[in-house]
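Q: Handing you this structure, nothing more for now.
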Amino acid sequence: MVNGDVLHVQVIEEADDHVVVDHPVLGRLTIPRASIAQIVRQEEGSPDSPGDGKHPDEVTRDPAPPGVEAPTEPENQAAPALPPPPTPVPWKVSLELGFTGTQGNTETTDIRLALLAGRETTEARIALDTSYLYGETSGDRRLNRFTAGGRHDWLFPESRWFIFAQARYDYDEFQSWEQRVTGGAGVGYEFIKNDTVRLMGRAGLGAVWEIGSEDDGIEPEAILGLDFGWQITSRQRLGATTTFYPNLGDLGEFRIVSSADWTIQLDQASGIDLKLGVAHEHQSRVDPGRERDDIKVFGSIVIRF
């Protein structure tokens, strides 16, 4: 047979397009001539000839070409095991606790709570934060601020460019506004990125909405920022960021938000750090009786999860 099978049969009839044979097991078969490679007839009395005097014949197929394996029947084989999915990148979460107090002629109390979460993969970088600050002097409240925000960077492998989007909500009892909502998006570029130093720039467009201010309303603004990080040693890290927001609806007006912090690892096993920092915000336009600059110096114990 052309498929490689060899049948020992008795040829009953031969025609131009088919051959009728008799097989001792399969019985009478009609085989198309195109399926037969050759018919080898055996003489009566040969060693392979049956004792009944009938002449069995061999029906064979053409051998496979040199270097080509003859086809075989497929075997039931188990599919190869799929590789395990990549391990997801975990979130880095930290809780910051800060408290200061003095007693004497003046009693002061300051509390700072912050929760930060971040995650970075080859395709995205996400940073979320929320914090609350409260302060009193001789029983009179002088600080009451809450903020929550986040930023999402879409990264491109093998490229220093990225796209970002950010949003933030602020509440401050002692600002010229009571509530403020900001948001924007744009492009960024990583000027330096290695195991020790990272320097990134951002540029985009956004909007600011102040609630409870004399300038209540939504105004467009640009976003120009720099982020810097330096892993000084395995136990110390310095970080700084500054963002310039020029008002596009009232040229000449702007605000600047900056911060810097120094983190010292106290206990690697338990994930406890000490963080010292300063935050500064300048607004060129404020309500009467309000300061344009707001500076906060803080120290916190950081618990990493």
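The values are calculated or read from the model by the stated rules, or taken from the named source; none is laboratory data. Everything quoted here is computed from the prediction, not taken from an experiment. All Cβ positions, glycine included, derive from the backbone under ideal geometry; neighbour counts span all protein chains shown.
Q: Any chance you could count how many residues in the range 118-174 are among the β-branched types (Val, Ile, Thr) and within 19 Å of GLU291 (Cβ to Cβ)?
A: Adding up the residues that qualify gives 2.
Q: Just to be sure I understand the filter: pairs with C-beta atoms under 8 Å, separated by 6 or more residues or on different chains, first member in the range 89-108 and surrounded by 14 or more Cβ atoms within 10 Å (Cβ to Cβ), second member modelled with pLDDT under 85. Which pairs pass?
A: THR108/THR100; THR108/GLY101; THR108/THR102
Q: Now for a different question. Scan (1) modelled with pLDDT under 95; (2) buried (at least 16 other Cβ atoms within 10 Å of the Cβ); (3) of a type outside the set (Ser, Thr, Tyr) for the single condition ASP293 breaks and write down its number.
A: (2)
Q: On to the next question. For the condition under 22 Å from GLU210 (Cα atoms) and either within 28 Å of the chain's Cα centre (by Cα) or surrounded by fewer than 14 Cβ atoms within 10 Å (Cβ to Cβ) (or both), what is the one hit in LEU238, LEU266, LEU251?
A: LEU251
Q: Do the conditions hold for SER213, that is, is it polar (S, T, N, Q), in contact with a strand residue (DSSP E or B) (Cβ under 9 Å, 6 or more places away or on another chain) and more than 23 Å from GLY277 (Cα to Cα)?
A: yes
Q: Could I ask something else about it? Quick one: count up the residues across the range 260-287 that are small (Gly, Ala, Ser) and under 21 Å from THR196 (Cβ atoms).
A: Looking only at that region, the number is 2.
Q: Does any residue of the range 47-67 turn out to be loosely packed, with under 15 Cβ neighbours inside 10 Å, β-branched (Val, Ile, Thr) and either modelled with pLDDT under 75 or within 30 Å of TRP154 (Cα to Cα) (or both)?
A: no
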